[in-house]
Amino acid sequence: MVAGTDRRPPPSTITITERTILMPLEPVSQAMLAQMAEEGAPAIHESTPAIARMTGPIMAGLTGAGPEVGTVRNLKLDGTDGRFRVRVLEPEAPSQAIIVYFHGGGWVLGDIDLQYDHLARLVVNQTQSTVVLVNYRKAPEHPFPTAIEDSYAGLRWVSDHANELAPEGVPLIVAGDSAGGNIAAVMTQWARDKAGPRIDYQVLVYPVTDCDVNTDSYLAPENQLMLSRDTMIWFWDHYLPDEEARKKPEASPIRAESLAGLPPALVFVAEYDPLHDEGIAYAKALEAAGVPVTLEEAQGQMHAYFQMINILPGALEGIRLVTDHINTHIASLVERV
């Protein structure tokens, strides 16, 4: 159950209470990891950022082009000390919402031109919403706080131009996976503390919410897969080398003084993921602060599966779960007006 359809605040749904292996790792994921091991592919943390980025076009080629949407525009926006790109994808029919999506990749990898364009097109068509992809600048060339400053500038631009992107008054939603989920969470806190823009819903897919790399899910041997503890440490070292500064809520949103007053949330974790426990912890912290939150788990799935469209069979199911929740929340807002 997700957001309610009456005039009361939507209820919380917290159903995952402990770390329990319920299903084996999905078979295609197992086969892909076995093939990578057989080919001797180096782990991300054994590479340089430049070498690690070379896998992006390969994965995008396997993903393929996404479906047609109404219109696509590419724009450049001004950041604090440079420019970054955004892509605006609109549906054929009038938009039901505006979704600002921040992609994953440990603040080092990822790009709106590759797999995330396909993902965004699916979200556009499945929610009949405008999706804005923010291509925030990456570490180590652009370390913390560039990614969140670019993202907030992108979010403000969307808010300022909302009536050009969708009919007046539609909901504004932030979403992201992994490091992008971290950014989306930070955006809700900044929007609350900086007097805007108003965000109506947040979707956090296996988000980075804390800098603690010693949780049970970080240390679990079965979770050292596409994303391992060593790889997350590599990402953190490139994004924010100062370990003490990582405790700031702008980097670890679970450490904010208060989570009260944030928008309703969907937190969607993967079962085989070093970030599993911090995702659950953030969902519970949101609920404790009075934020309506739904927690979902992709059983049998590993970190990074969500964007592997046409590569891992669970990706489309995961995207459909997210868009179903978005559609339900949009409907609840309409019925409460």
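The values are calculated or read from the model by the stated rules, or taken from the named source; none is laboratory data. Just so we're clear, the structure is a prediction, and the values are computed from it rather than from any experiment. Here the Cβ positions follow ideal geometry from the backbone for every residue, glycine too, while neighbour counts run over all protein chains shown.
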Region 98-110 residues that are within 15 Å of residue 275 (Cα to Cα), paired with ones that are surrounded by fewer than 24 Cβ atoms within 10 Å (Cβ to Cβ) and acidic (Asp, Glu) (beta carbon under 9 Å, 6 or more apart): 105/111
Residue, farthest from residue 178 (Cα to Cα), within region 236-260, restricted to residues that are hydroxyl-bearing (Ser, Thr, Tyr) and part of a loop (DSSP other than H, G, I, E, B): 258
Boolean, residue 137 is surrounded by fewer than 24 Cβ atoms within 10 Å (Cβ to Cβ), assigned to a helix (DSSP H, G or I) and touching a Gly at 6+ places or on another chain (Cβ under 7 Å): no
Residue that is nearest to residue 236 (Cα to Cα) [pool: residues in region 260-287 that are in contact with a strand residue (DSSP E or B) (Cβ under 7 Å, 6 or more places away or on another chain) and acidic (Asp, Glu)]: 273
Hey, residue 60 closer than 25 Å to residue 229 by Cα and either in contact (Cβ under 8 Å) with a residue 40 or more places away in the chain or not hydrophobic (A, V, I, L, M, F, W, C) (or both) or not: yes
Hits in region 309-324 - residues which are on the phi < 0 side of the Ramachandran plot and in contact with a Ser or Thr (Cβ under 7 Å, 6 or more places away or on another chain): 309, 311, 312, 323
Odd one out for residue 125, checked against (1) more than 18 Å from residue 324 (Cβ to Cβ); (2) in a helix (DSSP H, G or I): (1)
Failed criterion for residue 75 (all others in (1) touching a residue at least 24 places away in the same chain (Cβ under 8 Å); (2) not in a loop (DSSP other than H, G, I, E, B) hold): (1)
Failed condition for residue 288, given (1) free of Cβ contacts under 8 Å to residues at least 40 places away in the same chain; (2) within 15 Å of the chain's Cα centre (by Cα): (2)
Region 221-247 - residue that is out of contact with any helix residue (DSSP H, G or I) (no Cβ under 9 Å at 6 or more places or on another chain) and of a type outside the set (Asp, Glu) and, of those, surrounded by the fewest Cβ atoms within 10 Å (Cβ to Cβ): 221
Failed item in (1) touching a Phe, Trp or Tyr at 6+ places or on another chain (Cβ under 9 Å); (2) not in a strand (DSSP E or B), with residue 164 passing the rest: (1)
Condition met for residue 296 (under 25 Å from residue 127 (Cβ atoms) and at pLDDT 95 or above): yes
Search result, residues across region 325-335 that are out of contact with any strand residue (DSSP E or B) (no Cβ under 6 Å at 6 or more places or on another chain) and surrounded by 14 or more Cβ atoms within 10 Å (Cβ to Cβ): 326, 327, 328, 330, 331, 332, 333
Positions within region 269-291 being surrounded by fewer than 22 Cβ atoms within 10 Å (Cβ to Cβ) and not in a helix (DSSP H, G or I), in sequence order: 289, 290, 291
Looking only at region 27-62, and only at residues there that are charged (D, E, K, R) and more than 27 Å from residue 121 (Cβ to Cβ), the one that is surrounded by the most Cβ atoms within 10 Å (Cβ to Cβ): 46
So residue 259, is it hydrophobic (A, V, I, L, M, F, W, C), touching a Gly at 6+ places or on another chain (Cβ under 9 Å), within 23 Å of residue 149 (Cβ to Cβ) and modelled with pLDDT of 95 or more: yes
Count of residues meeting criterion [more than 17 Å from the chain's Cα centre (by Cα) and under 9 Å from residue 102 (Cα atoms)] in region 173-200: 0
Residue within region 292-300 that is in a helix (DSSP H, G or I), among the polar types (S, T, N, Q) and on the phi < 0 side of the Ramachandran plot present: no
